[in-house]
């Protein structure tokens, strides 16, 4: 994904401002072309139906996963701007909604029906558990709890995956490494104890800037 990315072909005169989802070969890393052009993509995730879901200034958009054909707006009506999004263990879509409140940018997590895109509820509200400017989220691979990257709090906050209740600050980003805006769980290594829980040896990978 390349929001506001300066793309130059071999001729620098062909540089253009591009908001796009770019596609690369999963084995070689070779550039395969622009998959979704325009519409201001911010974050993306594949759904259980195989389609691509993209948060943007226009809401959460849905695209056909093979061709990139636009299938329509899946969810809209956000109070602010939707950023990080994930499908939860319950099949619903969880979206970070970044809201401007009295000159501050704060984030909350909203839940949408995973089949229709209809709003269900506010899963984690503004300031819950000390949450500040949230960017991204991920569910734990075995505990199914929700982990949220708190950009302004320079931390990863953990919430109950069923109720949304705050649990704790799971991790802090060390000084000098920037602020967290993306996170994921990496698989546990093959050398981990056989028959151990799926998260033994797994790590949370955090992208900070």
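Remarks
- The rule of thumb for compact globular proteins, 2.2 N^0.38 Å, goes into the C-alpha radius of gyration of the range 121-187 1.04 times.
- Cα-based shape type of the range 44-120, given that a ≥ b ≥ c are square roots of the gyration tensor eigenvalues and the cut on a/c is 1.5: prolate
- Fewest-first ranking of 27, 169, 66, 81, using other Cβ atoms within 10 Å as the exposure measure: 27, 66, 169, 81
- Full extension of the segment from residue 177 to residue 27, taken as 0.36 nm per residue of separation minus the current Cα-Cα distance, would add 51.1 nm.
Read-outs: derived from the displayed coordinates by stated rules, not from any lab. Because the structure is predicted, anything quoted here is derived from the model rather than measured. Glycine also receives a Cβ, built like all others from the backbone with ideal geometry; neighbour counts cover every protein chain displayed.
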